[in-house]
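Worksheet: one structure, shown below.
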Amino acid sequence: MEKKRRTNQSNQKGFTLIELMVVIVILGILAGLIIPRIMGRPEEAKQLKAKMQIESLETALKLYKLDNGLYPETEQGIEALIEQPESGTIPKKWKKGGYLEKGKLPKDPWGNDFVYLSPGVHGDYDLISYGADGVPGGEDKNKDINSWEIE
């Protein structure tokens, strides 16, 4: 009798069909709850990246002003952070090498140029990313990212 019991125990080393079905149902429920949340995250990440890029550009603009006493003019654009302006008010103490570490202007996460106005409508300057559609206005993924709205 003892020998027969050991044989039965050694043959029962797998999962039953019901156990497998329960695991599959649980995984299905989890996937149904998690996947919709993950799918919306890429656009949130791009918006966050745009905000971080604007903050970085703002830091460079402040350094520019610290050296030169004023922000670049709209006509000079934020290109003045990487190349010394040759028109408008020429900065006298422009930093050799520019004000951005890599020596080039970043594009926003959607591949568009940032819009720069100085003097700005909302302060000394305005920096704007027009979002995924690249045009002013919009909501959700097309929402504009504005320097004056970043906290």
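Yes/no matrix, rows are residues, columns are (1) modelled with pLDDT under 90; (2) of a type in the set (V, I, T); (3) surrounded by fewer than 17 Cβ atoms within 10 Å (Cβ to Cβ):
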| residue | (1), (2), (3) |
| --- | --- |
| I82 | no, yes, yes |
| K96 | no, no, yes |
| Y125 | no, no, no |
| S129 | no, no, no |
| P136 | no, no, yes |
| W148 | no, no, yes |
> Can you name every residue in segment 64-86 that is out of contact with any Lys or Arg (no Cβ under 8 Å at 6 or more places or on another chain) and farther than 19 Å from D113 by Cβ?
Replying inline: K65, L66, G69, L70, Q84, E86
>> Out of the residues in segment 109-123 meeting the condition of being more than 17 Å from L61 (Cα to Cα) and in contact (Cβ under 8 Å) with a residue 40 or more places away in the chain, tell me which one is surrounded by the most Cβ atoms within 10 Å (Cβ to Cβ).
In response: P109
> Could you give every pair whose Cβ atoms fall below 7 Å, whose first residue belongs to segment 125-151 and is farther than 12 Å from M52 by Cα, and whose second residue is in a loop (DSSP other than H, G, I, E, B) and of a type in the set (S, T, Y), counting only separations of at least 6 or pairs across chains?
Replying inline: Y125/Y71; Y125/S118; P136/Y130; D144/Y130
>> Of all residues being surrounded by 12 or more Cβ atoms within 10 Å (Cβ to Cβ) and of a type outside the set (V, I, T) in segment 13-51, which is nearest to K107 (Cα to Cα)? Just the residue, please.
In response: A50
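The values are calculated or read from the model by the stated rules, or taken from the named source; none is laboratory data. It should be emphasised that the depicted structure is a prediction, and the values quoted were computed from it without experimental measurement. No Cβ is skipped: glycine too gets one built from the backbone with ideal geometry, and neighbour counts run over all protein chains shown.
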